[in-house]
Structures are given as structure tokens and as C-alpha cells.
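Some notes on the structure that comes next.
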Amino acid sequence: MSQTHTLPDSMLGPLGVASEMTAAADRTHERECMTQPQLQDLLEAGVHFGHQTRRWNPKMRRFIFAERSGIYIIDLQKTLRQLEAAQELLRGVVLKGEGVLFVCTKKQLKNIIQVEAQRCGAFWVTERWLGGTLTNFQTIKKQIKRLKELEQGVAEGEFEHYTKKEQLLFDRERAKLEKYLSGIKNMSRLPGTLFVVDAKKERIAVAEANKLGIAVVAIVDTNADPDLITVPIPGNDDAIRAVSLIAAAVADVISEARRQMPLREAVEEGEAVTYSTETGVEAEAEGERKKKPARRKRRPKPEAIAARMKTEEAPAPAESSGGGES
């Protein structure tokens with residue numbers, strides 16, 4: 001064993017390449033272990049606990065392992081399989097340059113989802129899902145624009161010349177918009193995937209995503225409908241440890257995928273800004289509308305006709321006057 005260790009060290013030299021390779025391998029192993037929870041981790045976090053037997057959806061039958069004391073037990077083997085499928089889907093979406101939106105409005109879980117979304121650079125909705133956030137995204141963008149205008153006004157001190165009542169109204173409007181739109185303030189276009197916690201509670205978000213053809217990855221409990229979800233992850237959607245474990249695994253995959261494509265991501269973000277701003281199709285339409293009046297300004301014909309009529313009528317009196325003198 002000593003000879004096998006001395007030979008590589010003498011070949012690698014004094015730069016410590018062997019130690020660097022070992023450290024890199026350890027980091028890779030830690031990242032793999034972190035992004036891929038084991039069966040024991042899911043068991044300790046309580047992911048296998050479902051709802052009561054009277055509160056269940058028959059479509060979840062294929063993910064249920066057994067029934068114990070009036071509570072359904074979820075098959076963790078299938079949970080791991082679905083989690084891996086969800087990670088592959090999210091990795092592909094991020095590599096395409098599209099965004100991921102985290103959705104969770106439960107009071108005990110929203111802080112966890114917000115932290116994980118910020119860590120991986122995703123968007124989040126944790127206060128309340130505004131109806132039409134996806135299907136009526138143009139209106140949501142106007143509200144986001146208004147929020148940015150208010151923040152810019154506060155930063156530059158533009159509201160100092162207003163009365164106290166007007167400043168108070170501006171502050172209230174900004175606080176309200178910040179409460180509901182802070183997580184999607186930088187979302188310039190529709191996301192590529194939704195990560196939802198408790199698909200039954202967030203049924204409006206799931207319905208909007210399905211209407212627009214956006215893939216949905218969700219933690220589904222035994223009372224949810226898995227057919228509405230692109231990649232359902234069966235698990236306990238009420239326990240803090242269970243949701244934290246799955247959300248951390250999802251966030252790690254998104255972060256890893258973002259590190260693999262730094263240049264392409266920057267290009268895609270630039271394209272997203274130009275695509276989503278008001279200078280896109282709407283600006284072209286406004287430009288066309290502005291060009292139409294320019295074409296209508298060509299009105300020389302009435303003036304030319306009047307001028308010609310005056311020139312034609314002018315010699316007639318001269319001839320008549322000449323005739324009178326003769």
C-alpha cells in the first residue's frame with residue numbers, strides 16, 4: 001500500500017495535484033449525495049406519511065405502499081424514482097435558458113421555499129397566487145413595471161416634493177406590490193417549469209400552467225390528483241423536514257445546471273429582456289401606428305388644384321379689361 005501511494009506522489013510533483021483531485025472528488029461526492037437523497041433520509045424526514053384514508057384520491061393508489069392506523073404510507077422507492085425524473089426535467093429546462101418558478105403559499109413552508117429559490121436563482125410566489133399570473137402575464141408585467149417605478153422614485157428621492165399624504169399612499173402601494181410581486185419582479189417572461197408544493201392547494205397555478213403547456217413538478221400527497229402534474233413527486237407536503245429535503249434536492253440540481261452554462265445563460269437572459277420589455281411586438285405595432293399618420297400628411301393636391309384654378313382665372317379678367325379698352 002505504501003508503494004502505491006509513493007509512486008503517484010512522485011509523479012505528480014510538489015504542486016499537490018493529488019490533494020486537489022481528492023478534494024474535487026470529495027466535493028463532487030458531497031454534491032451528488034446532497035442532490036440525491038437516500039431512502040433513509042426520506043424515511044427520517046417523514047416523507048412517507050400521507051393523509052388519512054378517508055381523505056385520499058384514488059388516482060394516488062399507484063404511489064401508496066400500505067395503510068397503517070388509518071393513514072396511508074407512501075412508497076419511498078417510487079418517491080426516489082419520481083424525484084430523479086423531476087431533477088432531469090428541471091436540469092433540461094435550465095440548460096435551455098428558461099426559468100423555474102417555485103410556488104408555495106403555506107405559512108409554515110413559504111420561508112423555506114423562498115430561501116431555496118433565492119439560493120438557486122429561481123423565482124418564487126409565497127404570499128398569494130394572483131389569478132392570471134401566467135395566463136394574463138401582460139397585466140402582471142404592468143404591475144411589476146409600476147413597482148419598479150415606485151422603488152426608483154424612493155431611491156432617487158422623487159417623492160420628497162409630494163405631500164405627506166401622497167407619500168403615504170405611494171408607500172402603501174409599493175408595500176402591497178412588493179408583498180405579492182417581489183419573487184417574480186425579475187421574471188421578464190413566462191417560466192419553463194413550475195415547482196409546486198401541495199398541488200391541491202395551488203390548483204389555480206397548476207391549471208394555468210396546464211393551459212399554457214408549462215411543465216409542472218409538484219409534491220403530491222395522497223389527497224391530490226397526480227394526473228394534472230407533469231412529474232408528480234409523492235410525499236408529505238405538510239412536514240417541514242420533508243419539504244425542505246425535496247426542495248433542497250431540486251434547488252441543488254438547478255444551481256448545478258446554472259453553473260454548467262454561464263455563457264449561454266447570460267445570452268438567454270439578454271434575449272429575455274429584449275423579448276419581454278414593452279419594446280417588443282407592442283413597440284413594433286406602435287411604430288406602425290406612428291408611420292401611418294406620416295403617410296397621411298401628403299396633402300399637396302388640394303393646394304395645387306387651388307393654385308392652378310387661380311392662375312387659370314387670373315388671365316380672364318385681363319383679357320376682358322383689354323377688350324373694354326379697345
Amide H neighbours of residue 65 under 5 Å, counting only residues 5+ apart in sequence or on other chains, H built in-plane at 1.01 Å?
73, 74, 75
How much accessible surface area, in Å² rounded to 10, belongs to the heavy atoms of residue 68 with a 1.4 Å probe?
140 Å²
Under a 5 Å amide H to amide H cut-off, with H placed in plane at 1.01 Å, what residues pair with residue 125 once short-range neighbours are removed?
102, 103, 104
From the square roots a ≥ b ≥ c of the eigenvalues of the alpha-carbon gyration tensor of region 185-261, which class results: rounded (a/c under 1.5), prolate (a/b over b/c), or oblate?
oblate
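Which order do 56, 129 take by accessible area at a 1.4 Å probe, largest first?
Result, largest first: 56, 129.
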Zone of residue 260's modelled label, taken as backbone nitrogen in region 75-94 under 14 Å from a point 7 Å along Cα→Cβ:
85-94
Pull up all non-local amide H partners of residue 218: gap of 5 or more, or a different chain, and H-to-H distance under 5 Å with H placed in the peptide plane.
196, 231, 233
Among residues other than residue 167 whose Cβ falls under 12 Å from its Cβ, what is the net charge (Lys/Arg +1, Asp/Glu -1)?
-1
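Determine the order of 110, 201 by accessible area, beginning with the largest, at a probe radius of 1.4 Å.
201, 110
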If you average 1/r over every pair of different alpha-carbon atoms in region 76-179 and take one over that average, what Kirkwood value in Å do you get?
16.7 Å
Rounded to the angstrom and largest first, Cα extents along the principal axes for region 131-249 equal 57, 31, 22
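Could you tell me which of the pairs 78/106; 148/211; 110/211; 148/179; 176/201 are separated by over 19 angstrom between their Cα atoms in the structure shown?
Going by Cα-Cα distance, 78/106; 148/211; 110/211; 176/201 fall outside the 19 Å limit.
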By the mean-Cβ-within-10 Å protection proxy, highest first, 47-55, 142-150 rank as 47-55, 142-150
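The values are calculated or read from the model by the stated rules, or taken from the named source; none is laboratory data. All of these numbers come straight from a predicted model, not from anything done at the bench. Note that we place each Cβ from the backbone using ideal geometry, even for glycine, and neighbour counts take in every protein chain shown. Keep in mind that these areas ignore ligands, DNA and RNA; they rest on the heavy atoms of the full protein, side chains included. Shrake-Rupley method; radii C 1.70, N 1.55, O 1.52, S 1.80 Å.
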